[in-house]
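The values are calculated or read from the model by the stated rules, or taken from the named source; none is laboratory data. Quick caveat: nothing in here was measured; it's all calculated off a predicted structure. Cβ placement follows ideal geometry from the backbone for every residue including glycine, while neighbour counts extend to all protein chains displayed.
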Amino acid sequence: MLVACLLATSAAKAQSTAEKQVQQPIPSASNFLGLGIGAFPKTSGSGDLRVMALPVVQYTWGNVAYVSGLKAGVWGYTSENRSLRVGLYAEPRFGYDASDNVRTAGMADREFGVDVGPSVRWTTPAGVVNLEYGFDVTGRSNGQVAQMQFVRPLITGQGFRLNGLAAATWQNAAMNDYYWGMRASETTNGVARNVGAGVGFSAGLTGLYTVGNSGSVFFGVSINRLSDAQANSPIAERSYTPVMYLGYGWRM
């Protein structure tokens with residue numbers, strides 16, 4: 001009976017660790033602070049990549065609030081077994097300098113914005129489902145975005161952790177027009193090139209390798225399939241775009 005109890009306790013702890021691992025962009029089972037180098041398209045659909053150094057913070061205040069990468073949120077409802085949470089999130093949306101691409105040269109820069117809206121996190125035995133619906137509260141595009149993401153733990157060892165993720169993201173016409181379209185003043189014939197609403201898809205991996213007692217190397221890579229509306233944009237150079245990052249941090 002004692003052995004059975006010990007095994008049950010061990011399994012419960014392992015499950016708890018795995019659940020924490022898939023609830024954060026960097027698969028750490030604890031709070032995390034680091035610095036990473038990220039690469040993503042310079043402009044919407046650009047073939048050239050922009051490289052940036054960014055601080056990485058993953059911190060959870062119990063069942064109340066969290067900072068996760070570049071996203072922050074608060075929970076208003078948490079079920080008794082913590083498998084279902086409902087709250088609000090805020091996430092930045094990077095713009096771009098029009099001079100960074102031949103296709104956008106002469107256009108106005110697209111400004112940095114912030115999306116805010118309701119979010120739901122559902123933890124299942126297979127992985128975590130995240131649902132979000134955001135509104136551009138900065139008034140850059142006055143657009144809306146919705147995302148459904150599934151994250152599954154692939155490797156849950158102490159020294160190396162790996163998550164797989166897949167997502168579908170919808171952006172309405174207003175948001176796509178701002179970041180992917182051309183205004184009448186930006187075209188040679190004076191006719192605006194509008195971009196309608198659409199759904200894009202992405203898939204990727206995020207990992208963490210333990211170094212010493214508290215250090216970790218973390219990484220992530222994903223491929224994004226643009227929506228048909230975005231891929232047909234006059235400024236898009238490709239229909240698939242990569243996002244990559246690599247960094248070092250400390251578990252807290």
Residue tally, condition within 20 Å of Ala166 (Cβ to Cβ) and either small (Gly, Ala, Ser) or in contact with a Phe, Trp or Tyr (Cβ under 9 Å, 6 or more places away or on another chain) (or both), over segment 230-248:
8
Every residue from segment 44-68 that is touching a Lys or Arg at 6+ places or on another chain (Cβ under 9 Å) and under 27 Å from Met175 (Cβ atoms):
Ser44, Gly45, Ser46, Gly47, Asp48, Leu49, Arg50
Can you name every residue in segment 55-69 that is assigned to a strand (DSSP E or B), of a type outside the set (Val, Ile, Thr) and buried (at least 16 other Cβ atoms within 10 Å of the Cβ)?
Gln58, Tyr66, Ser68
Quick one: is Val67 closer than 26 Å to Pro242 by Cα, under 16 Å from the mean Cα position of the chain (by Cα) and not small (Gly, Ala, Ser)?
yes
Could you grab me the full set of residues in segment 98-125 that are in contact (Cβ under 8 Å) with a residue 24 or more places away in the chain, surrounded by fewer than 17 Cβ atoms within 10 Å (Cβ to Cβ), assigned to a loop (DSSP other than H, G, I, E, B) and of a type in the set (D, E, K, R)?
Glu111
Within the set of pairs 6+ apart or on separate chains, which have a first residue in segment 39-68 that is on the phi > 0 side of the Ramachandran plot, a second that is among the aromatic types (Phe, Trp, Tyr), and C-beta atoms under 8 Å apart?
Gly45/Trp180
Taking segment 78-97, which residues are charged (D, E, K, R) and surrounded by fewer than 16 Cβ atoms within 10 Å (Cβ to Cβ)?
Glu80, Arg82, Asp97
What are the pairs, 6+ residues apart or on separate chains, where a residue within segment 168-188 that is touching a residue at least 12 places away in the same chain (Cβ under 8 Å) has its Cβ under 6 Å from a residue that is assigned to a helix (DSSP H, G or I) and crowded, with 23+ Cβ neighbours inside 10 Å?
Trp180/Gln230
Picking from Ser119, Ser99, the residue that is closer than 26 Å to Ala231 by Cα and not aliphatic (A, V, I, L, M) would be Ser99
Take segment 223-245 and flag every residue that is free of Cβ contacts under 8 Å to residues at least 60 places away in the same chain and part of a strand (DSSP E or B).
Ile223, Asn224, Arg225, Tyr240
For segment 92-121, give me the residue count where each residue is among the aromatic types (Phe, Trp, Tyr) and at pLDDT 95 or above.
2
Going through Asn142, Asn163 one at a time, which residue ends up being touching a Ser or Thr at 6+ places or on another chain (Cβ under 7 Å), touching a residue at least 12 places away in the same chain (Cβ under 8 Å) and under 29 Å from Ala65 (Cβ atoms)?
Asn163
